[in-house]
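See below for the structure under consideration.
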Amino acid sequence: NQLTEGKDVAVKKYALDRIELTGDVSNDVLKTMLDTHDTELKQKVVSLLCKNDPTFIQEASLNIHAYEYSIRKIIIINLLNQREFNYLFKAGNEINNLLISDNHIERELAVEIISELKHVQFSDAIATLILDKEASVKRMAIQTACKLRMKPLLPPIIELLNHPADKNIVLKGLQIYGDELFDDICSLPGDSCKQHLYDFIKLAARVKGSYSTAFLLSKLSSDNFTLQDKTVHALWVKEYEPSGPAEEAVFSNL
């Protein structure tokens, strides 16, 4: 009743969530809601129809370009969740077309879709978009690579720290990567990490976890007093407490 007669959008969204949870979905009711002006609500409706109405997703797959970008994203993601090869092929082609589009908004949409996929890899595409000429596309590509922890893409991302215009974007992306970053960078070739050591120390201060803590503790034995100072400060920011007499002695000596 709330879906068909209610006026409160928030209540409609809640009702949709409950219906999805119980599995008591009425496709006819959902179709009456396709003309809603609320983007998030419409996305929920289209997603449910794609999951529960084979005819709807088939028709949508044949007419993807007729939908606005936000809905196109939902359709493509749902096509990739199907086991039907034709749907997978169609979705793959659509993403590829978005990736190579001259329209930066469509390239952004491609990255946004990829960022929500768990079982399909688009590493090569993201590697290309990390170097996109459009700053917004580059930022989204870096954040997606870090969100999905694409370890092979760490070297080109870290290389961008050498570009002042990209440095802030990269640091924010690496923070999204999380604590595992400080385990993965240990096996990277070259000295890119040493070159940007102070940046990684600042990042480690903002990340919770054992890898970032171990990374900082390993720098305490350095003869570089500036490095020691920054490391101690980072550990203080993390509210780290020395573990055992040996560590307490190290800090006491410092």
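The values are calculated or read from the model by the stated rules, or taken from the named source; none is laboratory data. Quick caveat: nothing in here was measured; it's all calculated off a predicted structure. When we count neighbours, we look across all protein chains shown, and the Cβ atoms used for this are built from the backbone with ideal geometry, even at glycine. Calculation scope for accessible area: heavy atoms of the full protein, side chains included, ligands and nucleic acids excluded. Shrake-Rupley method; radii C 1.70, N 1.55, O 1.52, S 1.80 Å.
Mind checking the angle between helix 244-253 and the chain's longest principal axis? C-alpha axes, 0 to 90 degrees, to the nearest 10.
For helix 244-253, the angle is close to 60 degrees.
Grab the Cα-Cα distance for Gln228 and Lys202, subtract it from 0.36 nm times how many residues apart they are, and report the gain in nm with one decimal.
On the way: separation 26, 0.36 × 26 = 9.36 nm, distance 1.27 nm.
This chain segment gains 8.1 nm when fully extended.
Using only the alpha-carbon atoms, how far is helix 164-177 inclined from the longest principal axis of the chain? Give it as 0 to 90 degrees, nearest 10.
Long axis of 164-177 versus the principal axis of the chain: about 80 degrees.
Give me the percent of the accessible area of the range 1-115 that comes from carbon and sulfur atoms, probe 1.4 Å, all protein chains in place.
Working: 3070 of 6450 Å².
In the range 1-115, the share of accessible area belonging to carbon and sulfur is 48 percent.
Of the heavy-atom accessible surface of the range 121-173 (probe 1.4 angstrom), what whole percent is carbon and sulfur?
Numbers: 1420 of 2610 Å².
Percent of accessible area from carbon and sulfur atoms in the range 121-173: 54.
Taking the Cα centre of the chain as origin and charging only Cβ (+1 Lys, Arg; -1 Asp, Glu), how large is the dipole, in debye to the nearest 20? It would help to have the intermediate numbers written out before the result.
Numbers: 29 positive and 36 negative charges, 22 e Å.
With only Lys, Arg, Asp and Glu charged at Cβ, the dipole is about 100 debye.
Could you calculate the contour length gain from Gln43 to Lys167, that is, 0.36 nm times the residue separation minus the distance between their Cα atoms, to one decimal place in nm? Write down the numbers at each step before the final one.
Details: separation 124, 0.36 × 124 = 44.64 nm, distance 3.43 nm.
Result: 41.2 nm gained on full extension.
Sorted by accessible area (1.4 Å probe), largest first, how do Val29, Val207 line up? Don't skip to the answer; put the middle values down first.
Numbers: Val29 45, Val207 10 Å².
Per-residue accessible area, sorted high to low, gives Val29, Val207.
So if R0 is 51 Å, what FRET efficiency would Leu88 and Tyr14 give, r being the distance between their Cβ atoms, rounded to the nearest 0.05? Kindly include the intermediate steps, with their values, before the conclusion.
Numbers: r = 33 Å, r/R0 = 0.64.
Approximately 0.95, to the nearest 0.05.
Describe numerically, in nm with one decimal, the distance between label points set 7 Å from Cα along Cα→Cβ at Asn27 and at Ser101.
Simple spin-label model gives 2.8 nm for this pair.
Determine ³J(HN,Hα), in whole Hz, for all residues of the range 201-218 in sequence, where each value follows from phi through the Karplus function 6.51 cos²θ - 1.76 cosθ + 1.60 and θ = phi - 60°; x replaces Gly and Pro.
For the range 201-218, the Karplus-derived couplings read 5, 4, 5, 4, 5, 9, 10, 9, x, 6, 5, 5, 5, 4, 4, 5, 4, 5 Hz, x marking Gly and Pro.
Going by the alpha-carbon gyration tensor, a ≥ b ≥ c the square roots of its eigenvalues, is the range 199-254 rounded (a/c under 1.5) or, if a/c is not under 1.5, prolate (a/b greater than b/c) versus oblate? Show your work: numbers first, answer last.
Values: a/c = 1.87, a/b = 1.18, b/c = 1.59.
The shape class here is oblate.
Can you give the accessible area per residue of the chain, in Å², using a 1.4 Å probe? Don't jump to the answer; show the numbers that get you there.
Details: 14380 Å² over 254 residues.
It amounts to 57 Å² per residue over the chain.
Which of the trypsin sites (Lys or Arg not before Pro) found in the range 1-82 are loop residues per DSSP with 12 or fewer other Cβ atoms within 10 Å of their Cβ? If you can, show how the numbers build up before the last one.
Numbers: sites: Lys7, Lys12, Lys13, Arg18, Lys31, Lys42, Lys44, Lys51, Arg72, Lys73; in loops: Lys7.
Passing both the DSSP loop test and the Cβ count: Lys7.
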